[in-house]
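Just so it is clear, none of the values below were taken in a lab; they were calculated from the coordinates. Quantities reported herein were computed from a predicted structural model and do not represent experimental measurements. Cβ sites come from the backbone with ideal geometry, for glycine too, and all protein chains shown count toward neighbours.
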Amino acid sequence: MREANRSMPPSTVIPVLIYPDVREAVDWLVATFGFTERIWIGENHRAQLNHGGGGLIVGDVRGDRVPPRPGEVTHSVVVRVEDAAAHCEHARANGALILQEPVDHPFGERQYNAQDPWGHQWTFSQTLADVAPEEWGGVSVGDAG
């Protein structure tokens with residue numbers, strides 16, 4: 001069993017995204033995508049955010065750590081939400097670039113894709129139904145939990 005550490009998000013997987021201005025990015029992510037602030041580290045060095053049961057670290061530019069470059073996609077972060085359509089409208093109203101409107105998928109999720117002003121891409125996913133992977137062409141391997 002994993003021990004708790006109040007200095008780290010409780011999530012098992014914690015993405016670290018690089019932004020040129022940590023404070024500006026955190027304020028935007030909180031207002032637009034519904035994250036909550038957890039911990040600040042240094043003046044503008046890092047911040048930990050929560051969303052539901054997940055965590056995210058916003059890091060500053062330094063050394064080889066750089067934000068996304070236009071025309072390149074190296075990652076996307078998937079975040080579970082209760083209502084993808086309402087979340088999408090809120091994100092749009094707060095300046096997110098909507099790359100794909102909410103779509104219902106055969107694997108039981110309603111998802112939309114957005115990009116923040118710094119080029120990070122996000123997928124927000126609402127569960128509609130519990131669907132076995134074999135029903136849409138997937139293959140279950142190992143522990144699904």
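Structure data summary
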{"quantity": "Selection count, segment 5-36, where residues are touching a strand residue (DSSP E or B) at 6+ places or on another chain (Cβ under 6 Å) and without any contact (Cβ under 8 Å) to a residue 60 or more places away in the chain", "calculated": "9"}
{"quantity": "Among the candidates ALA47, ALA84, ALA96, ALA31, residue that is surrounded by 13 or more Cβ atoms within 10 Å (Cβ to Cβ) and farther than 21 Å from GLY119 by Cβ", "calculated": "ALA84"}
{"quantity": "Members of segment 112-145 that are of a type outside the set (Phe, Trp, Tyr) and under 24 Å from PRO67 (Cβ atoms)", "calculated": "ASN113, ALA114, GLN115, ASP116, PRO117, GLY119, HIS120, GLN121, THR123, SER125"}
{"quantity": "Any hit, segment 117-128, residues being without any contact (Cβ under 8 Å) to a residue 24 or more places away in the chain, out of contact with any helix residue (DSSP H, G or I) (no Cβ under 6 Å at 6 or more places or on another chain) and surrounded by fewer than 17 Cβ atoms within 10 Å (Cβ to Cβ)", "calculated": "no"}
{"quantity": "Criterion: outside any loop (DSSP other than H, G, I, E, B) and acidic (Asp, Glu) - qualifying residue of GLU24, GLU3", "calculated": "GLU24"}
{"quantity": "Matching residues, segment 27-60, being part of a strand (DSSP E or B) and hydrophobic (A, V, I, L, M, F, W, C)", "calculated": "ILE39, TRP40, ILE41, ALA47, LEU49, LEU56, ILE57, VAL58"}
{"quantity": "Residues located in segment 77-105, provided they are touching a Phe, Trp or Tyr at 6+ places or on another chain (Cβ under 9 Å), closer than 18 Å to LEU17 by Cβ and in a strand (DSSP E or B)", "calculated": "VAL77, VAL78, VAL79, ARG80, LEU99"}
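Results for (1) within 28 Å of ALA93 (Cβ to Cβ); (2) touching a Ser or Thr at 6+ places or on another chain (Cβ under 9 Å); (3) of a type in the set (A, V, I, L, M, F, W, C), shown as yes or no for each residue.
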position: MET8; (1), (2), (3): no, no, yes
position: ARG23; (1), (2), (3): yes, no, no
position: VAL30; (1), (2), (3): yes, yes, yes
position: PHE35; (1), (2), (3): yes, no, yes
position: GLY55; (1), (2), (3): yes, yes, no
